[in-house]
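The values are calculated or read from the model by the stated rules, or taken from the named source; none is laboratory data. Values in this document were obtained by computation on a predicted structure and should not be read as measured data. Reconstructed Cβ throughout: ideal geometry from the backbone, glycine too, with neighbour counts over all protein chains shown.
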Amino acid sequence: QRPKTAIICGSGLGGLADVLDNKTIFPCEDIPHFPRSTVAGHIGRLVFGDLSGQPCVCMQGRFHYYEGYSVSTVTFPIRVFFLLGVEILIVTNAAGGLNPHFQVGDIMFIRDHISMLGLGGQNPLRGPNDERFGVRFPCMSDAYEQDLLSLAMESAQELGFLSFVREGVYCLQAGPSYETIAECRALHALGGDAVGMSTVPEVIVARHCGLRVLGISLITNKAVMNYNSQEKANHEEVLAGELQLILELGKPLHPNAWVCIPLPS
Ligand SMILES: O=P(O)(O)O[C@@H]1C[C@H](O)[C@@H](CO)O1
(Lines give C-alpha, C1' and ligand atoms only; values in the text may rest on other atoms or scores of the structure.)
Protein backbone atom coordinates (compact mmCIF):
# COMPACT_ATOMS: atom_id res chain seq x y z
CA GLN A 1 0.00 0.00 0.00
CA ARG A 2 1.28 3.44 -0.87
CA PRO A 3 1.77 5.90 2.00
CA LYS A 4 -0.63 8.79 2.34
CA THR A 5 1.45 10.43 5.07
CA ALA A 6 5.14 11.25 5.12
CA ILE A 7 6.95 12.13 8.32
CA ILE A 8 10.35 13.82 8.38
CA CYS A 9 12.22 13.14 11.61
CA GLY A 10 14.26 15.99 13.05
CA SER A 11 17.60 15.81 14.85
CA GLY A 12 17.55 13.07 17.47
CA LEU A 13 13.95 12.22 16.60
CA GLY A 14 14.67 9.36 14.20
CA GLY A 15 13.64 6.84 16.86
CA LEU A 16 10.07 7.95 16.30
CA ALA A 17 10.00 5.66 13.24
CA ASP A 18 10.29 2.67 15.58
CA VAL A 19 6.57 2.74 16.28
CA LEU A 20 5.68 1.84 12.67
CA ASP A 21 4.37 -1.69 12.15
CA ASN A 22 5.32 -3.93 9.20
CA LYS A 23 8.42 -1.90 8.40
CA THR A 24 10.30 -1.93 5.08
CA ILE A 25 13.52 0.07 5.20
CA PHE A 26 15.49 1.67 2.35
CA PRO A 27 18.87 3.33 3.07
CA CYS A 28 18.98 6.70 1.31
CA GLU A 29 22.21 5.74 -0.47
CA ASP A 30 20.27 2.98 -2.30
CA ILE A 31 17.69 5.44 -3.64
CA PRO A 32 18.64 7.10 -6.96
CA HIS A 33 19.39 10.85 -6.70
CA PHE A 34 18.81 10.98 -2.92
CA PRO A 35 21.39 13.04 -1.04
CA ARG A 36 23.44 11.45 1.77
CA SER A 37 22.85 12.43 5.38
CA THR A 38 26.05 13.68 7.02
CA VAL A 39 24.75 14.87 10.40
CA ALA A 40 24.85 13.03 13.76
CA GLY A 41 21.32 12.12 14.77
CA HIS A 42 20.14 11.67 11.15
CA ILE A 43 20.38 7.99 10.15
CA GLY A 44 19.53 8.51 6.49
CA ARG A 45 16.87 6.01 5.50
CA LEU A 46 13.24 5.79 4.48
CA VAL A 47 11.09 3.59 6.69
CA PHE A 48 7.78 2.48 5.19
CA GLY A 49 5.19 0.97 7.51
CA ASP A 50 1.84 1.35 9.21
CA LEU A 51 1.04 3.95 11.83
CA SER A 52 -2.25 3.34 13.61
CA GLY A 53 -3.10 0.99 10.75
CA GLN A 54 -2.44 3.56 8.03
CA PRO A 55 0.41 3.34 5.54
CA CYS A 56 3.06 6.00 5.98
CA VAL A 57 6.70 6.71 5.26
CA CYS A 58 9.16 8.10 7.77
CA MET A 59 12.34 9.82 6.64
CA GLN A 60 14.87 9.03 9.37
CA GLY A 61 17.36 11.75 8.74
CA ARG A 62 16.86 14.85 6.67
CA PHE A 63 19.21 16.95 4.58
CA HIS A 64 20.26 20.47 5.46
CA TYR A 65 21.48 23.45 3.46
CA TYR A 66 24.49 23.79 5.78
CA GLU A 67 25.69 20.32 4.71
CA GLY A 68 26.53 21.92 1.37
CA TYR A 69 23.36 20.88 -0.46
CA SER A 70 21.29 23.43 -2.37
CA VAL A 71 17.78 24.11 -1.08
CA SER A 72 16.47 22.26 -4.16
CA THR A 73 18.51 19.17 -3.29
CA VAL A 74 17.42 19.09 0.36
CA THR A 75 13.80 19.11 -0.80
CA PHE A 76 14.15 16.37 -3.45
CA PRO A 77 12.51 13.76 -1.14
CA ILE A 78 9.36 15.86 -0.90
CA ARG A 79 8.71 15.52 -4.62
CA VAL A 80 9.39 11.80 -4.38
CA PHE A 81 6.75 11.60 -1.62
CA PHE A 82 4.32 13.54 -3.80
CA LEU A 83 4.89 11.17 -6.72
CA LEU A 84 4.33 8.22 -4.36
CA GLY A 85 0.87 9.60 -3.59
CA VAL A 86 1.56 11.22 -0.22
CA GLU A 87 -1.07 13.80 0.75
CA ILE A 88 0.04 14.91 4.21
CA LEU A 89 3.54 15.91 5.27
CA ILE A 90 4.43 15.99 8.95
CA VAL A 91 7.73 17.80 9.43
CA THR A 92 9.47 17.60 12.79
CA ASN A 93 12.59 19.34 13.96
CA ALA A 94 14.69 20.15 16.98
CA ALA A 95 14.69 23.89 17.65
CA GLY A 96 15.91 26.47 20.10
CA GLY A 97 13.21 28.32 22.03
CA LEU A 98 13.18 32.09 21.44
CA ASN A 99 9.92 32.61 23.26
CA PRO A 100 10.81 33.17 26.93
CA HIS A 101 7.73 31.19 27.99
CA PHE A 102 8.95 28.05 26.21
CA GLN A 103 10.76 25.35 28.20
CA VAL A 104 13.11 22.60 27.07
CA GLY A 105 10.92 19.63 26.19
CA ASP A 106 7.99 21.67 24.94
CA ILE A 107 6.40 20.66 21.66
CA MET A 108 5.58 23.59 19.38
CA PHE A 109 3.06 23.11 16.61
CA ILE A 110 4.25 25.43 13.86
CA ARG A 111 1.73 28.13 13.00
CA ASP A 112 3.96 29.99 10.52
CA HIS A 113 7.57 30.52 9.59
CA ILE A 114 10.12 33.24 8.92
CA SER A 115 12.87 32.16 6.56
CA MET A 116 16.10 34.11 6.71
CA LEU A 117 17.26 31.96 3.77
CA GLY A 118 14.11 32.57 1.74
CA LEU A 119 14.08 36.29 2.40
CA GLY A 120 17.73 36.30 1.35
CA GLY A 121 16.97 34.65 -1.99
CA GLN A 122 17.48 30.93 -1.28
CA ASN A 123 14.05 29.62 -2.21
CA PRO A 124 13.86 25.96 -3.37
CA LEU A 125 11.45 26.97 -6.15
CA ARG A 126 13.95 29.39 -7.70
CA GLY A 127 14.59 28.64 -11.37
CA PRO A 128 12.26 27.39 -14.10
CA ASN A 129 8.94 26.28 -12.65
CA ASP A 130 8.09 22.62 -13.15
CA GLU A 131 4.35 22.76 -13.85
CA ARG A 132 3.99 19.03 -13.09
CA PHE A 133 4.36 19.93 -9.43
CA GLY A 134 2.69 23.30 -9.02
CA VAL A 135 2.24 26.92 -10.00
CA ARG A 136 4.93 29.55 -10.46
CA PHE A 137 3.83 31.69 -7.51
CA PRO A 138 2.45 29.49 -4.72
CA CYS A 139 0.73 31.09 -1.74
CA MET A 140 2.39 30.53 1.64
CA SER A 141 -0.04 32.33 3.97
CA ASP A 142 -1.70 28.95 4.59
CA ALA A 143 1.51 26.88 4.63
CA TYR A 144 0.65 25.15 7.92
CA GLU A 145 -2.91 23.88 7.61
CA GLN A 146 -5.30 25.18 10.24
CA ASP A 147 -7.40 21.99 10.24
CA LEU A 148 -4.38 19.78 10.94
CA LEU A 149 -3.16 22.18 13.61
CA SER A 150 -6.56 22.23 15.31
CA LEU A 151 -6.77 18.43 15.16
CA ALA A 152 -3.29 18.12 16.67
CA MET A 153 -4.23 20.58 19.42
CA GLU A 154 -7.46 18.68 20.15
CA SER A 155 -5.54 15.42 20.39
CA ALA A 156 -2.96 17.05 22.65
CA GLN A 157 -5.78 18.25 24.89
CA GLU A 158 -7.39 14.82 25.05
CA LEU A 159 -4.02 13.31 25.97
CA GLY A 160 -3.40 15.85 28.71
CA PHE A 161 -0.37 17.26 26.88
CA LEU A 162 -1.45 20.89 26.91
CA SER A 163 0.95 21.93 29.68
CA PHE A 164 3.87 21.39 27.29
CA VAL A 165 2.31 21.91 23.87
CA ARG A 166 2.70 25.35 22.27
CA GLU A 167 1.97 26.99 18.98
CA GLY A 168 4.35 29.40 17.31
CA VAL A 169 6.50 30.77 14.54
CA TYR A 170 9.59 28.83 13.43
CA CYS A 171 12.56 30.85 12.15
CA LEU A 172 15.01 29.32 9.72
CA GLN A 173 18.62 30.39 9.72
CA ALA A 174 21.15 28.70 7.44
CA GLY A 175 23.52 27.25 10.07
CA PRO A 176 25.68 25.39 10.84
CA SER A 177 26.79 27.96 13.43
CA TYR A 178 24.20 28.67 16.07
CA GLU A 179 22.84 32.20 16.45
CA THR A 180 24.51 35.07 18.25
CA ILE A 181 22.70 36.66 21.15
CA ALA A 182 21.85 39.70 18.99
CA GLU A 183 20.48 37.41 16.27
CA CYS A 184 18.28 35.58 18.78
CA ARG A 185 16.96 38.89 20.05
CA ALA A 186 16.33 40.09 16.49
CA LEU A 187 14.49 36.89 15.50
CA HIS A 188 12.34 37.10 18.61
CA ALA A 189 11.59 40.77 17.92
CA LEU A 190 10.54 39.78 14.39
CA GLY A 191 7.95 37.41 15.82
CA GLY A 192 9.88 34.15 16.04
CA ASP A 193 9.15 31.66 18.82
CA ALA A 194 11.72 29.02 17.87
CA VAL A 195 14.83 28.88 15.68
CA GLY A 196 16.32 26.05 13.68
CA MET A 197 18.19 25.11 10.51
CA SER A 198 15.69 23.10 8.47
CA THR A 199 12.04 22.47 7.64
CA VAL A 200 11.10 25.64 5.74
CA PRO A 201 12.44 24.59 2.30
CA GLU A 202 10.63 21.24 2.71
CA VAL A 203 7.39 23.01 3.57
CA ILE A 204 7.64 25.37 0.59
CA VAL A 205 8.14 22.49 -1.85
CA ALA A 206 5.37 20.49 -0.17
CA ARG A 207 2.90 23.37 -0.43
CA HIS A 208 3.93 23.99 -4.05
CA CYS A 209 2.74 20.47 -4.93
CA GLY A 210 -0.36 20.72 -2.76
CA LEU A 211 0.60 18.58 0.23
CA ARG A 212 -1.10 19.41 3.51
CA VAL A 213 1.48 20.25 6.17
CA LEU A 214 1.70 19.85 9.92
CA GLY A 215 4.93 21.15 11.49
CA ILE A 216 6.18 20.13 14.93
CA SER A 217 9.25 21.53 16.72
CA LEU A 218 10.72 19.91 19.80
CA ILE A 219 12.27 22.66 21.91
CA THR A 220 15.62 21.09 22.79
CA ASN A 221 17.29 24.18 24.24
CA LYS A 222 16.51 27.75 25.10
CA ALA A 223 18.11 30.24 22.72
CA VAL A 224 20.62 32.39 24.56
CA MET A 225 19.21 35.92 24.77
CA ASN A 226 21.27 37.40 27.59
CA TYR A 227 24.96 38.39 27.78
CA ASN A 228 25.13 37.23 31.40
CA SER A 229 24.11 33.70 30.46
CA GLN A 230 26.66 30.89 30.65
CA GLU A 231 24.54 28.68 28.32
CA LYS A 232 26.05 27.69 24.99
CA ALA A 233 23.99 26.02 22.25
CA ASN A 234 25.47 22.68 21.17
CA HIS A 235 24.39 19.69 19.11
CA GLU A 236 24.88 17.20 21.97
CA GLU A 237 22.23 19.04 23.94
CA VAL A 238 19.96 19.01 20.90
CA LEU A 239 20.36 15.25 20.45
CA ALA A 240 19.80 14.67 24.16
CA GLY A 241 16.47 16.46 23.86
CA GLU A 242 14.32 13.40 23.36
CA LEU A 243 16.08 11.40 26.03
CA GLN A 244 15.80 14.30 28.42
CA LEU A 245 12.08 14.42 27.80
CA ILE A 246 11.62 10.81 28.72
CA LEU A 247 14.06 10.54 31.60
CA GLU A 248 13.99 13.87 33.36
CA LEU A 249 10.79 15.60 32.48
CA GLY A 250 8.68 12.48 32.22
CA LYS A 251 6.98 13.85 29.15
CA PRO A 252 5.66 11.03 27.02
CA LEU A 253 7.00 12.21 23.68
CA HIS A 254 7.98 8.80 22.48
CA PRO A 255 6.05 6.83 21.45
CA ASN A 256 2.84 8.36 22.68
CA ALA A 257 3.26 11.70 20.97
CA TRP A 258 2.48 9.97 17.71
CA VAL A 259 -1.07 9.67 18.91
CA CYS A 260 -1.14 13.47 18.66
CA ILE A 261 -0.57 13.23 14.96
CA PRO A 262 -3.69 13.28 12.85
CA LEU A 263 -3.55 10.86 9.93
CA PRO A 264 -5.80 10.97 6.90
CA SER A 265 -8.49 8.31 6.96
O1 LIG B 1 17.04 18.58 11.39
P2 LIG B 1 16.76 19.49 12.54
O3 LIG B 1 16.23 20.81 12.12
O4 LIG B 1 15.88 18.84 13.60
O5 LIG B 1 18.16 19.73 13.25
C6 LIG B 1 18.51 20.80 14.11
C7 LIG B 1 19.12 21.91 13.30
C8 LIG B 1 20.54 21.41 13.08
O9 LIG B 1 20.56 20.43 12.08
C10 LIG B 1 20.85 20.76 14.36
C11 LIG B 1 21.49 21.71 15.30
O12 LIG B 1 21.75 21.10 16.55
O13 LIG B 1 19.57 20.34 14.92
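What's the number of the condition Val165 fails, among (1) surrounded by 13 or more Cβ atoms within 10 Å (Cβ to Cβ); (2) more than 16 Å from the chain's Cα centre (by Cα)?
Status for Val165: all satisfied but (2).
Can you confirm whether the range 48-59 contains a residue that is within 14 Å of the chain's Cα centre (by Cα) and touching a residue at least 12 places away in the same chain (Cβ under 8 Å)?
Scanning the range 48-59 turns up at least one residue that is within 14 Å of the chain's Cα centre (by Cα) and touching a residue at least 12 places away in the same chain (Cβ under 8 Å).
Checking Pro32 against (1) in a loop (DSSP other than H, G, I, E, B); (2) in contact (Cβ under 8 Å) with a residue 40 or more places away in the chain, which test does it fail?
Failing condition for Pro32: (2).
Gly105 - would you say it is at pLDDT 90 or above, surrounded by 18 or more Cβ atoms within 10 Å (Cβ to Cβ) and either among the hydrophobic types (A, V, I, L, M, F, W, C) or under 17 Å from the mean Cα position of the chain (by Cα) (or both)?
No, not satisfied.
Conditions: (1) over 25 Å from Phe63 (Cβ atoms); (2) surrounded by 12 or more Cβ atoms within 10 Å (Cβ to Cβ). Val205 meets all but one. Number of the miss?
(1)
Residues that are within 16 Å of the ligand (Cβ to nearest atom) and either at pLDDT below 95 or under 19 Å from Arg79 (Cβ atoms) (or both): list the helices (runs of 4 or more DSSP H) wholly contained in the range 115-193 that include at least 1 such residues.
116-119
Could you check how many residues of the range 1-29 are within 13 Å of the ligand (Cβ to nearest atom) and part of a strand (DSSP E or B)?
The total comes to 3.
Residues in the range 41-67 that are away from the ligand (no atom under 16 Å from the Cβ), in contact with a strand residue (DSSP E or B) (Cβ under 8 Å, 6 or more places away or on another chain) and of a type in the set (S, T, N, Q): how many?
So the answer is 1.
Among the numbered criteria (1) touching a strand residue (DSSP E or B) at 6+ places or on another chain (Cβ under 7 Å); (2) in contact (Cβ under 8 Å) with a residue 60 or more places away in the chain, which one does Ser155 miss?
With respect to (1) touching a strand residue (DSSP E or B) at 6+ places or on another chain (Cβ under 7 Å); (2) in contact (Cβ under 8 Å) with a residue 60 or more places away in the chain, Ser155 is out only on (1).
Go over the candidates Gly192, Gly210 one by one and state the one that is among the small types (Gly, Ala, Ser) and either touching a Lys or Arg at 6+ places or on another chain (Cβ under 7 Å) or surrounded by fewer than 17 Cβ atoms within 10 Å (Cβ to Cβ) (or both).
Criteria check complete, one pass: Gly210.
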